[in-house]
Amino acid sequence: MPINNESKYIKEVWAENLEEEMAILRDRVEQYPFLAMDTEFPGVVARPIGNFRTSSDYHYQTLRCNVDLLKIIQLGITFADENGTLPPDTCTWQFNFKFNLGGDMYAQDSIDLLTKSGIDFKKHEDYGIDVEHFGELLISSGFVLLDDVKWISFHSGYDFGYLLKVLTCSPLPAEESEFFDLLRTYFPCIYDIKYLMKSFKNLKGGLQDIADDLQVSRIGPQHQAGSDSLLTATTFFKMRQTFFNDKIDDTKYLGYLYGLGSGIATPNAPNVMIGTPPISNSSVTIVNVNNITIASENNGNNHNNNSSPVTSVIQLPSSTSSITSATTTITPVATNGKLSLIHREANSVDSNNNSSTSNASSPNNNNNSNNITATNTNGTSTTINSNN
């Protein structure tokens, strides 16, 4: 059971006290340069389908499209010195970002889990930190771009993906190698506990499992970023002491993220998601993005036959008043972090039916409109370009 005196150790940060706390932390990092980090985000809402060179490439493309589509909810950072000693009073800062369940994308099961863990989404909507402002403060914080700051994490591809998005205000790179180049620039020194565990066959499971094995106690509720980052810190130093005699070989472990950066080659299987059976004859691919369902049906006899007629159906949420789509393929794909349908034929949709059907019979259609534009009832529009 979590210890219930988390307020003594974990500082809540909202928009109103962000600058004050960041000023404190700019000094804190000089004495405590080991930063254990965890994020909370709204789940996984999309998966790419297509050809992938390796399993690692598939996992990265899944990460990329979801990070670019979604918003970070919480960031927890715990400070420690090189011996694992925590500051005597507050050691963990939990940053709470602006998030609106009425307008931002999410996976419902993830929101349910975070709500049960005590996250107050109404408070995030009203008092949450502006991500761009936080990114500006993070750049000048002394946390990033420095070799003497060591970041500690657990299975942290998504965590660092969201932090890179915050720091750059840009979509993640299209290639995994470019992602790691960017990662090394902003976070030169990273230890991923899950990656460290690979060297020990008896270490398995999630963060709580390894913490339990090492008899490390949790402070605060699980699935909140502050508590998880604090457990990450204490587990790392206990693991370093127990399994590495307090000395980790950086040539083997520094800068690696579990599940990314390497992988076995995957078969050449166009339009087949890893782990799913091949598409054959008439098939339907459905992707649900928080009340927006993109479904595409291939009516041809061979899924590799690009001249087969394709029907695409886009189900709109009630808040969407109109949509202009350029669609033609059976496969929803991520383009510049957006979930898109590759262009063949432009189509305009009236939202009174809340749905649209478009036929795309030729891959050689010369229509130049490669955008999908959704207009909300408040007048704002989102355009997704499918050329990139």
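Values quoted throughout were computed directly from the atomic coordinates according to the rules given, and no laboratory measurement underlies them. Here the structure is a predicted model, which is why all the values come from computation and not from measurement. Heads up, the Cβs are rebuilt from the backbone with ideal geometry, glycines too, and the neighbour counts pull from every protein chain shown.
Structure summary
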| quantity | calculated |
| --- | --- |
| Debye log10 I(q)/I(0) at q = 0.07 Å⁻¹ for the stretch 5-252, Cα point scatterers | -0.22 |
| Gain upon complete extension [Phe200, Ser217; 0.36 nm per residue less C-alpha separation] | 4.0 nm |
| Linear extension gain, Arg26 paired with Thr242, 0.36 nm per residue minus alpha-carbon span | 74.6 nm |
| Centre separation in Å (Cα based) which lies between the stretch 99-145 and the stretch 25-91 | 13 |
| Hits among aspartates and glutamates - C-alpha to C-alpha of Lys204 under 15 Å, sequence gap 8 or more where chains match | Asp192, Asp212, Asp213 |
| Net charge dipole size for the stretch 5-252 [Lys, Arg +1 and Asp, Glu -1 on Cβ; Debye, nearest 20] | 820 |
| Pairwise label distance in nanometres, Thr115 with Ser177, each label 7 Å out on the Cα-Cβ vector | 4.5 |
| Violating pairs (Cα-Cα greater than 20 angstrom) within the set Lys71/Lys123; Lys201/Lys252; Lys194/Lys247; Lys116/Lys150 | Lys116/Lys150 |
| Using θ = phi - 60° and Karplus 6.51 cos²θ - 1.76 cosθ + 1.60, couplings along the stretch 205-215 (whole Hz; Gly, Pro as x) | x, x, 4, 5, 5, 5, 5, 5, 4, 8, 6 |
| Ranked by how many other beta carbons lie within 10 Å on average, peptides 196-206, 161-171 from highest | 161-171, 196-206 |
| Förster radius 22 Å - calculated FRET efficiency between Glu132 and Thr185, Cβ distance, rounded to 0.05 | 0.65 |
| Residues with amide H under 5 Å from that of Ile190, placed H, sequence gap 5 or more | Trp151, Gly255 |
| Those aspartates and glutamates that a straight Cα-Cα span of less than 17 Å connects to Lys165, excepting residues fewer than 8 apart in one chain | Asp38, Glu40, Asp68, Asp104, Asp130, Glu132, Glu136, Glu175, Glu176, Glu178, Asp181 |
| Shape category assigned to the stretch 1-141 from the gyration tensor of Cα positions, a/c cut at 1.5 | prolate |
